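Here is the structure we will look at.
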Amino acid sequence: MTTQARNRFTPRWFVGAECVFGALVVVLHLLVPAFDVVAQPSPQLSALYESGARGNRVNIVLVAEGYRQEDKAKFDADVALIAREILAEPPYDEYAGFFNIYGLFVESAEAGSDFPKWGQYRDTYFESQYGCGGLGQFICLTVEGDLRLRRVLESEIPQYDLPVMLVNQDNPGGGAGVWSATASATSGGHDIVIHELGHLFARLVDEYGGGYQGREGTNTTSTTIREQIPWRQHIHPETPIPTPATPEYANVVGLFEGAAQSSLGWYRPEQFCKMRNQTGRAGFCLVCREAHVAAIYRTVSPIDAFLPAETRVTTATNDSIHFSVDLVQPTTHILDVEWFVDDVRISGTSGTNAVTIDADRFLPEQFEVRAVVRDSDPLAGANGIQREVKWTVVRSDFAMVPRGSSFDKSPLGQNYPNPVAADATTTIDFKLTTPRRVQLRVFDLAGRAVATLVDSDLGEGAHSVTWPATVAPGLYVYELHAGRVTERRKLVVAR
């Protein structure tokens, strides 16, 4: 391309035409042959912030567009600043451990971007241009540029999640397509990047007005019926609907008119939000922060690793099995962990990342162990976001009570009531056909004896023992040992 003189035109501020043009690019992408005669420069990938393995993180990649080789230092400084600003922006700050951020330098022959409307063109590798779709500051790529971007990413960092093209141009602008976003490297460009991530990552809608047709979204609506508002759970009953944009409601979730690029008839959750005010101090509103957290958990599991690594475990009687989970923790709070065996919570293990279970205390030949991880932070929703890992445990030497023994007819009865309320009393019946030395004890799932109910010589016949369940709620096993024979049953202590 030939470089033409730079024009003096500074388009009006308009960032984030969302996915309209991006969808068009994808359609055209499918119609154009996948070939490119332009030689690919040698990309340079750098880690700006890494919290963990790429396979279980949200990987943001800031890609250079319109940066010459002599502009490499500028690109490095630009992306370093943007990375810091992203990680300082709520809720990215709270969930920083769930993200990796990279810079990907790709050299262009010339600096800047194209302005086709004004006859200004630059020879850049991804062929970015302003004014896409007739929107002055909407920056997009040509079909060829889009193909090149995909190839570079798949070559250098195939685990990418959120590619953002950083355009080396002073004119403010940006945009979000179906799978990538653009933003200019102007003063305050980090705010544009964060705004476009709101579109690309959390699928949020613009909250500013204008003359365009609005659309329903997580953070925009046309309804004024309180019960139908998407974020109604956050609106106080005394907050008027629609909500006046007055100082009284400056920090209140309500229904404020002007959103989805329509000044009238469309509404947003709060007066101020990064999706409405791209620059300045406005952060994401509560509804938009919630949408980001939901998007984080759609991409990243809070369980980074677990042991045993295989989810089917074979063990022998008297073996103790150690289970553990390695978690990706937020910076402001600790994730909740609960452990279960066959859907019954293990007492005394809430909040712990590991548990040891004595397989000998289980009657079944096969049982299931689950670790359930919950995020109880308000941004994770009223019921919290939860993920789990489960193991199937099989006892290889499992044997039922020997036939021909005095326990042929299952002398140990099921306790009643079962479940038993904590601090209430339950009864256990058993019978002997001959006098024996008898032990009857209650164990937790770690194999620890929590109560000894009988430890004496007993005669033949029926026996009954009561036990006040003064233990934490959860699953227990009571064990009858008489002579060479042992029998066990499960006991549940309810909350």
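Each reported figure results from applying straightforward, stated rules to the coordinates on display, with no laboratory input. What you are looking at is a predicted structure, and each value in this text was computed from that prediction instead of being measured. Note that each Cβ is placed from the backbone with ideal geometry, even for glycine, and that neighbours are counted across all protein chains shown.
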Legend entry - Residues of type aspartates and glutamates that LYS117 reaches as a straight line, Cα spacing below 20 Å, ignoring anything fewer than 8 places off in the same chain: GLU65, GLU127, GLU144, ASP170
Legend entry - Paramagnetic reach from VAL485 in region 424-446 [backbone N under 15 Å; point 7 Å along Cα→Cβ]: 430-439
Inset, instruction - Would you calculate, for the chain, the mean residue ellipticity at 222 nm contributed by helices, counting each DSSP H stretch of 4 or more residues as -39,500 (n - 2.57) and dividing by all residues, to the nearest 500? - result: -4500 deg cm²/dmol
Legend entry - Relative contact order for the chain, counting Cα pairs under 8 Å that sit 6 or more residues apart, in percent: 11
Inset, instruction - Run down the aspartates and glutamates and flag those whose C-alpha is under 18 Å from the C-alpha of LYS490, throwing out any fewer than 8 positions away in its chain. - result: ASP342, ASP343, ASP358, ASP360, GLU365, GLU368, ASP423, ASP429, ASP444, GLU479
Inset, instruction - Neighbouring Cβ atoms within 10 Å as the yardstick, rank ASP304, ASP114 fewest first. - result: ASP304, ASP114
Legend entry - Inter-probe distance in nm under a simple model that places probes 7 Å from Cα toward Cβ, at GLN44 and ARG298: 3.5
Legend entry - Cα→Cβ-extended label distance, 7 Å offset, between SER456 and ASN418, nm: 2.4
Inset, instruction - Mind checking the full-extension length gain between ALA449 and LYS390? Use 0.36 nm per residue of separation minus the Cα-Cα distance, one decimal, nm. - result: 18.7 nm
Inset, instruction - Arrange the following residues from fewest to most other Cβ atoms within 10 Å of their Cβ: ASP146, ASP161, ASP319. - result: ASP319, ASP161, ASP146
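Students often check this: by mean Cβ neighbours within 10 Å, which of 122-135, 367-380, 325-338, 189-202 ranks highest, and how do the rest follow? Kindly include the intermediate steps, with their values, before the conclusion.
Working: 122-135: 21.8, 367-380: 18.7, 325-338: 16.9, 189-202: 25.1.
Answer by packing, highest mean first, reads 189-202, 122-135, 367-380, 325-338.
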Legend entry - Spacing of the two label points (7 Å from each Cα toward its C-beta) at HIS333 and THR427, in nm: 4.5
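Just subtract the alpha-carbon distance of ALA80 and ALA494 from 0.36 nm times their residue separation and send over the number in nm, one decimal. Present the calculation step by step, with values, prior to reporting the outcome.
On the way: separation 414, 0.36 × 414 = 149.04 nm, distance 5.31 nm.
Full-extension gain reported as 143.7 nm.
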Inset, instruction - Assuming a ≥ b ≥ c are the square roots of the Cα gyration tensor eigenvalues, decide whether the chain counts as rounded (a/c under 1.5), prolate (otherwise, with a/b larger than b/c) or oblate. - result: prolate
Inset, instruction - Show the residues, 5+ positions off or on another chain, whose built amide H is closer than 5 Å to the amide H of LYS274. - result: GLY283, PHE284, CYS285
Legend entry - region 177-240-region 306-380 distance, computed between alpha-carbon centres (Å): 39
Inset, instruction - Report the GluC sites (Glu not before Pro) located in region 260-328 that are in a DSSP loop and have at most 16 other Cβ atoms inside 10 Å of their Cβ, or state none. - result: GLU310
Inset, instruction - Round to the nearest 0.05 the FRET efficiency obtained for ARG232 and ARG151 when R0 = 35 Å and r is the Cβ-Cβ distance. - result: 0.20
Legend entry - Gyration tensor verdict on region 91-134 (Cα atoms; rounded if a/c is under 1.5, prolate if a/b is larger than b/c, oblate otherwise): oblate
Inset, instruction - Go through PRO41, VAL471, ASN415 and say which Cα lies farthest out towards the positive end of the charge dipole of the chain; charges sit on Cβ, +1 for Lys and Arg, -1 for Asp and Glu. - result: ASN415
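Normalising by the residue count of region 93-245, find the relative contact order in percent from Cα pairs under 8 Å and 6+ residues apart.
Details: 202 pairs, mean separation 17.6, N = 153.
In percent, rounded to a whole number, it is 12.
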